[in-house]
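In what follows, a single structure is set out as structure tokens and then discussed.
Every read-out reported here was derived from the displayed coordinates using simple, explicitly stated rules and does not represent laboratory data. These numbers come from a predicted model, not from an experiment. Glycine gets a Cβ as well: all are built from the backbone with ideal geometry, and neighbour counts include every protein chain shown.
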Amino acid sequence: MAEEFEPKIVAFLCKWCSSAGSDLAGVSRMEYPPNVVPIQVMCSGSVSPLYIFSAFNKGADGVLVSGCHPGDCHYIKGNYYARRRIHLVKKLLEFVGLEPERFQMSWVSAAEGTKYTQVIKEFVNELKPLGPQNKLRRNP
Amino acid sequence: MKRTGVFICHCGINIAGTVDVKKVAQELAKHPGVVHAEDYVYMCSDPGQNLIIQAIKEKNLDNVVVACCSPTLHETTFRNTSKAGGLNIFRCEIANIREQCSWVHKDKSSATQKATKITKSAVEKVRRNESLEAISVPVTRRALVVGGGIAGIQAALDLGNSGFEVILVEKNPSIGGHMIQLSETFPTLDCSQCILTPKMVEVSKHPKVKLMTYSEVQDVSGYVGNFKVKILKKPTYVDPDKCNLCDECTKVCPIVVPNEFELGLTGRRAIYIPFPQAIPASYTLDIKACPGLMPIACGKCADVCDVKAIDYDMKPQIIEEEVGAIILATGYDLYDKANMAEYGYGKYADVLDGLQFERLCSASGPTKGQILRPSDHKEPKEVVFIQCSGSRDPENHCAYCSKICCMYTAKHAMLYKHHVHDGQAYIFYIDIRSGGKGYEEFVQRAVEEDGVLYLRGKVSKVFEDKGKLKVWGVDTLTGKHIEITADMVVLAQAMRPAQGAQELAKKLKLAMDKDGFLAEAHPKLRPVESVTSGMFLAGAAQAPKDIPEAVSQASGAAAKAVTILSQERLYHSPTVAKVLSNLCTGCGMCVQVCPYEAIAHKDGKVEVNEVLCEGCGTCSATCLRAAIQVKNLTLHQVHEMINACLGG
Amino acid sequence: MAKIEDLKEEARKLLREGKIKYVIGYAAGTNGWMASPIFIKKPEDVEKLVWDPTCVHNLSRFLVDEKRRKEREKQPDKRPVGIFVKGCDSRAIVVLLQEKFIDRNDVYILGISCEKGGVVDEHKLARKLEGKKPKKIELGDKGQLVVTTANRKAEFPVEELLAERCLECRANFPVISDIMSGEKIKRTVEKPFGSVEKMERMPKEERWRFWKEQLDKCIRCYACRSVCPMCYCDECVVDSINLAVSADTTAEEKADKVKWIQRSAESSENFVYHFVRAIHLAGRCIDCGECERACPLDIPVRFLNKKLEREAKELFGYEVGFDPAQPSLVSSFRDDDPEDFIR
Amino acid sequence: MEKILEKRSLQSWMKKLDSWTIYAPRKDGSERWNYGIAQNDSVGLNFTVTTLPAKALVFPQREVFLEFLKTVEESQETLKVNEVIPGKNPVVIFGVRPCDARAVSLLDRVFSGDFVDPYYWARRKQTVLVGLACDTPPWENCFCLSTEGSPHSEEGLDVLLTDLGDKYFVKTLTENGEKLVNLAKGLFKEPRLEDKKKAKAVHAEAEKKIVRRVKRAKKDLAAKLKGLFDSPLWDDESMSCIRCGICTYLCPSCHCFDINDEVDSVSPLRGKRVRTWDNCQFPDFTMHSSGHNPRPDKASRLRQRLFHKFQYFVEIYDKTMCTGCGRCISLCPVGIDIINVLDKVSDHGS
């Protein structure tokens, strides 16, 4: 029996909310699966669609973009732009037949260590049954 | 290739307990460009930092990566360490392998793998960082305070006394805010007006303070240290220098409207002075109430004014000021009573809110300090006070606690008993929150000395029955249904951000919390700063608070403003957006998305005002051509980081 | 079918008076299948202009070249150029104006209404003609297409010959012009996104197989972006040429360029390329369908753009190419933009 | 040798060639024909012309030269390089149009000479081309007669088939060709005289149907071109060019390439060195690392394409680097017609 599939996930976390929320999860010693490698960006609004396409191209099984809740953006409105942009990217990826579970977005505030933990746990659980993402990756 | 040194911290067992730090160091040593990789028990300790400095010198490092705790903690430490080693501070990056790795995982092998990826990602980033110096700008050493309540007055006085010019803007005809309406203050029961008016006088006479009443901030542009403010000065139609306060005008004015200062308990004329101690001491012609400025429509006030102080031709003025710091003290209003239909507010004249009750108690109030029912001017013998009216009710009203109601309701009940010795005061409450110096004792005094009857429970309904108010509620301690026949009901309405504060916040690009109060930069560590640098928060604009808290925050905000105003120049993070002008086509999408108006069109391209830019990068994600990117977090850097995170 | 005699007269007049630099229009192609773009500088050459259902090109593409040419010239001739536009093409000009790529004074727009017609799909026509070559194609009085070949004249309902984009067109006459020919007949299209909806109904894996088969064919000749008036970037982000080189750029820095995709025309790279193009055209594509027409391998790239056009409309109420003053799709938002997809 | 093959036996012939991978034209989800590995079912040679020429099979768009892996142990770097020369994979391509076959023979020249390209030849040597003479020009823009070719040209082919209605006239042209026929001897019949006559007639008829011609021939044209390097003609002719890569990528004789390292992983450093087609119509084709571009506009790029084909190549190989397939005319999205451009060159100054 093969080992259980461990999805590789890249998470783009905004510095002020989601990365801070992830820090809080750490400070509170919450446990979640180690499948996610975070990349801290200044704002979810700075997440270019190129990042997402590129992550799948480089073999990500899942990609997460996480930012401040609406109205809480450190940069006032960056997350509103992100919401629109990411929505379009998600629709596009689904249109060509990528599993919708593979690309997700969440709002995680600096106080939501628990929520961050939850989001990661659910994400990993949803990806496991899908197996490796070979559709868009180089050298599958 | 740039030479990078990697330093992996054990943080005692905090990291080393879950992450095999030796393995991480070994793996990183194989990474292209990494010429040095070592681990140490506490990198942030002096010996740890010295290791870094030593390695920079011995191995001729260009870059440093420290894999340790969150960058929010020790980024500054290690950047300064790198500086001490002779590197630009941006040649140092932090890989967060504690909060985002060792503390949240148990399996050592996978945590080690993840820590390796995080660290490699930081290496890929740092090797493409630019050395940058902080951007320096001169400071306009004046301040603007918005709101002339107690918080604004205090902040203006503190700034003035520190030697800085202050512009104090108040939207109403007089300064004083809500505090001037109060009768007595808890827990000392000293007269509110008696303690506030000296400060009002002081601020109005202060040589450094420029007072602008009946004025509103229209627009703020610029950035910390250099704001440009447009202030609208509304016309009062009365020249305060000429007006001798003879009061003849109000006698002839035919128009009566509800008096805001008395919260509608009395009326006032279209031309009026808000209250006797108003500052500036002058009349204002309320243009909304006045039948018309044309003498043909009325003109009676001008006719009787001997000193010709009334000038119908007065026009609104836009005054432009330059300041270096802004303090927002826009205060609060009570939660709209129209929302409290269940308590019969607005329907029954004898259901009042807390501020109205203050006016009834006040010696300068409409009843000259006698507590009388508005409906029939009789002394109420049974008064029900309802706490948390609109507060702590996430389903229907405000979710938060308005904080001061427990205390002022105790005060109200007490004052009532002092005025009406044979009366009975009932207070419906959920809990009593009396944290604060002398507060608990004050509540006890109300119960023990003044015989106030506290009933734990919520009022479900207030309705009129045979000329009396019936109050239905449940005593949750006994579980019994309670019905009280009262002469008067006083609601401790929730506190809301002041009317207009939200629009102002939008103009100033200030963040608000979900309830509309102005958001602080950090709930614990930066409670008086807003998220926009150079703008500070004071008083109830930020959250419900009582007078001493408002005053201390005002002084705190003033002190924070002084940290800017006392500088010759300010320094701004240089990790700002940069335009690659050969790729830019000037489409302006970045101009549209920039939250700080830091990008402008120029000669068919765009340019970034580096001082305004906060480096959020929304522009870079919007640009179709990668023609605008944030320094030290470029698309290229993120691309390489993604690769590293995926083990590539 | 709209007659262009008055437009030609106007063009002749403008050229004669020297008010415009040249006119971009359509001339008969070497064969009967497709007209060719023509650039007319002399009034006497105006006669060469034609208008028929083979005028497939979105000529606004050439405004991009014109701008580049002006930028290169030391003393550029700043007179406007005249340009023939159909409804869809005119919306491209609106987007170019919206993005400040051109100025309204840079162009003199000679608009033509497609009325009940549009442009023909070469493949559909070839099937109908069974090896014969068309000599002349016209829109008939009854809204039918009249095709003349060497030995006969045949009539076909427009639906049978028009390009898919025309059958889904929501702007069959110019939304912006200086002079216009033909009637502003608003055509009602029952299902403007019918083809996309059909594809959406396919099961996910079937959709994946479809796109995989299609994009595997891509040889990255880049005809789709080359023909697109919205792909006016000097350098496409996927190319990573990075023209920003200065005297002190080191060899290492030159070599260390971001490579979003490899040059290899492999499946994974082709997907990224087409994703980037689609997302960069979201809220900008006006569905002239030129990308799909130009594709030598008949990859239905238009669907990707059409899909996002539909999402922009449904999710954000955003319509492209009607108002040059509106902020672009991704540089604006509404407080109540949907977020049910967010955790 | 010359043989006759019944059309219905084509399938059986292919089946006999089981040690070869067989490519034949098929439709792939669109109107276009392209080569695909022949499945046993529906192979017939009833195609017009493939959009991608046979070039794509002997000189693929992507070709791995080598794989590399750099490992570090105890600060000792080890670089492993593994050259990838195409291995044994004999291929027969059925349905090669004579123009495309002639183009392959041009590629043979390019990849020989001073430097014999091992990657190209590893493939080429194992490739057998079975041509199909054109009875009707597959595209109305065919002009092979102006480029020293014909619809039944044998150059570059191993076998030429001529469609005689219900059978093919089969002419083997090389040893490889004979080998293919000999493997299925029983399927082939000796041609009768009338078959030979008919084949000739088909060829002659086909030539008549090719209507397009270039005014000037090889040397004459090359000489004329030479004087027109700085002519404003190129500006005018390139006005409608959109600078896409169709004419070049789909040209059977264009062969420019680029070499890149495709890095799959940074640590350990792992990747491939890869050759891909390149395209003189792309701005980055001539981009210098200084940022300078000697061919900065479409005019200079259009000129380059024509000069390469009709001037430089003629000078070096005494051949025109164009076999008149007409793809660049028929597939050009804006209808740039190379024949018209060449004729303008011919007429220039007269």
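Going 7 Å from the Cα of D:ALA184 toward and past its Cβ, which residues in the range D:110-138 have a backbone nitrogen under 19 Å from where you end up? Of the residues in the range D:110-138, D:127-133 have backbone N under 19 Å from the label point off D:ALA184. Within the range A:106-122, what residues put their amide N at less than 18 Å from the label point 7 Å along the Cα-to-Cβ vector of B:LYS514? Label zone hits: A:106-119. Determine the shielding of peptide C:250-261 by partner chains: average, over its residues, the number of Cβ atoms on other chains within 10 angstrom of each Cβ. Average per residue, whole number: 4.
Averaged across the residues of D:61-72, what count of C-beta atoms belonging to other chains lies within 10 Å of each residue's C-beta?
2
Restricting the range B:1-95 to trypsin sites (Lys or Arg not before Pro) that sit in a DSSP loop and have at most 13 other Cβ atoms within 10 Å of their own Cβ leaves B:LYS59.
Charge dipole of chain D (Cα centre as origin; +1 on each Lys and Arg Cβ, -1 on each Asp and Glu Cβ, all else neutral): 1020 debye, rounded to the nearest 20. Here the sum of -39500 (n - 2.57) over DSSP H runs of 4 or more residues, divided by the residues of chain B, equals -8000 deg cm²/dmol at 222 nm, to the nearest 500. Considering only C:LEU315, C:ALA247, C:CYS236, the residue lying farthest towards the positive end of the dipole of the range C:208-328 is C:LEU315, judged by Cα position with unit charges set on Cβ. In whole angstrom, how far apart do the alpha carbon centroids of the range B:39-108 and the range C:287-332 sit? Here the answer is 48 Å between Cα centres. In this rough spin-label picture, where each label sits 7 Å from Cα along the Cβ direction, the A:VAL27-B:ASN609 distance is 3.5 nm. Applying 1/(1 + (r/R0)^6) with R0 = 41 Å to the Cβ-Cβ distance of D:ASP318 and D:GLU83 gives a FRET efficiency near 0.75.
Considering helices alone, the calculated mean residue ellipticity of chain C at 222 nm is -9500 deg cm²/dmol, with DSSP H runs of length four and up weighted by -39500 (n - 2.57) and normalised per residue. So how much slack lies between B:ASP431 and B:LYS461, counting 0.36 nm per residue of separation and subtracting their Cα-Cα distance, in nm? Extra length available between B:ASP431 and B:LYS461 comes to 8.9 nm. With K and R counted +1 and D and E -1, the other residues having a Cβ less than 11 Å from that of A:VAL65 yield a net charge of +4. Computed from the Cβ-Cβ distance with R0 of 51 Å, the FRET efficiency linking C:LYS78 to C:ASP337 stands at 0.80. Spin-label model, B:ILE319/B:LEU525: points 7 Å from Cα along the beta carbon direction are separated by 3.9 nm. For the listed residue pairs A:LYS135/C:LYS257; B:LYS230/B:LYS509; D:LYS198/D:LYS218, the alpha carbons are over 21 angstrom apart in A:LYS135/C:LYS257; D:LYS198/D:LYS218.
Just want to confirm a number: the relative contact order over the range B:336-496, from Cα pairs under 8 angstrom separated by 6+ residues, in percent. It comes to 29 percent, rounded to a whole number. Qualifying GluC sites (Glu not before Pro) in the range C:63-107, where qualification requires a DSSP coil assignment and no more than 12 other C-beta atoms within 10 Å, comprise C:GLU73. Loop sites here are GluC sites (Glu not before Pro) outside DSSP states H, G, I, E and B with no more than 16 other Cβ atoms within 10 Å. The longest part of chain B free of them is B:261-394.
Ignoring lysines fewer than eight residues from B:LYS59 along the same chain, the ones with Cα atoms less than 17 angstrom from its Cα are B:LYS2, B:LYS30, B:LYS83.
Working note: Karplus 6.51/-1.76/1.60 with θ = phi - 60° gives the range C:101-111 the couplings 6, 10, 9, 4, 6, 7, 10, 10, 9, 9, x Hz, where Gly and Pro are set to x. Between C:THR188, C:ILE112, B:GLY12, the Cα set farthest toward the positive side of the dipole of the protein assembly as shown (charges on each charged residue's Cβ, about the Cα centre) is that of C:ILE112. Simple point charges give the picture: +1 on the Cβ of Lys and Arg, -1 on the Cβ of Asp and Glu, and for the range B:376-487 a dipole about the Cα centre of about 240 debye.
Mind checking which lysines have their C-alpha under 20 Å from B:LYS466, skipping anything on the same chain fewer than 8 residues away? The reachable lysines, counting only those whose Cα sits under 20 Å from B:LYS466, are B:LYS347, B:LYS378, B:LYS381. Highest mean packing comes first when the peptides C:299-306, B:556-563 are listed by Cβ atoms within 10 Å, giving C:299-306, B:556-563. Compute the label zone of B:GLN218 within the range B:106-150: residues whose backbone N is under 19 Å from the point 7 Å along Cα-to-Cβ. Those under the cut-off are B:144-147.
Among B:HIS419, B:HIS636, the order by Cβ neighbours within 10 angstrom, fewest to most, reads B:HIS419, B:HIS636.
Counting only DSSP beta bridges with both residues in chain C, what percent are antiparallel, rounded to the nearest 5? Antiparallel: roughly 65 percent of the beta bridges in chain C. Over 25 Å apart at the Cα level, from the set C:LYS48/C:LYS136; A:LYS58/C:LYS217; A:LYS121/B:LYS106; C:LYS8/D:LYS298, are C:LYS8/D:LYS298. In plain terms, chain D is cut at each of the chymotrypsin sites (Phe, Trp or Tyr not before Pro) found in a DSSP loop with at most 13 other Cβ atoms within 10 Å, and the longest leftover piece is D:230-350. Positive end of the dipole of the protein assembly as shown (Cβ unit charges, origin at the Cα centre): among A:LEU24, A:VAL10, D:VAL104, the Cα lying farthest that way belongs to D:VAL104. Label sites at B:GLN370 and B:VAL201, each approximated as a point 7 angstrom past Cα along Cα to Cβ, lie 3.0 nm apart. Using Cα springs under 10 Å in a Gaussian network model of chain D, which residue among D:ASP264, D:ASP163, D:ASP100 shows the largest mean-square fluctuation? Evaluated over chain D, the most mobile residue of the options is D:ASP264. The GluC sites (Glu not before Pro) of the range C:101-138 meeting both criteria, a DSSP state outside H, G, I, E and B (loop) and at most 12 other C-beta atoms within 10 angstrom of the site's C-beta, are C:GLU130. By the equivalent-ellipsoid construction on the alpha carbon gyration tensor, the protein assembly as shown comes out with semi-axes of 75, 39, 30 Å, ordered largest to smallest. Extension gain for D:THR286 to D:GLU194 (0.36 nm times residue separation, less C-alpha to C-alpha distance): 27.6 nm.
By the count of neighbouring beta-carbon atoms within 10 Å, fewest first, D:VAL110, B:VAL34 end up ordered D:VAL110, B:VAL34. Straight-line cross-link reach from D:LYS171 at under 13 Å between alpha-carbon atoms covers these aspartates and glutamates, not counting any fewer than eight positions away in the same chain: D:GLU2, D:GLU154, D:GLU155, D:ASP158, D:ASP163, D:GLU190, D:ASP195. By the count of neighbouring beta-carbon atoms within 10 Å, fewest first, D:LEU69, B:LEU624, C:LEU167, D:LEU193 end up ordered D:LEU193, D:LEU69, C:LEU167, B:LEU624. A Förster radius of 22 Å combined with the Cβ-Cβ distance from B:ASP393 to B:GLU449 puts the calculated FRET efficiency at roughly 0.10. Each Lys and Arg adds +1 at its Cβ and each Asp and Glu adds -1 at its Cβ; summed about the Cα centre, the range D:26-98 shows a dipole of about 540 debye. Shielding value for B:599-607 is 1, the average number of Cβ atoms from other chains within 10 Å of each residue's Cβ.
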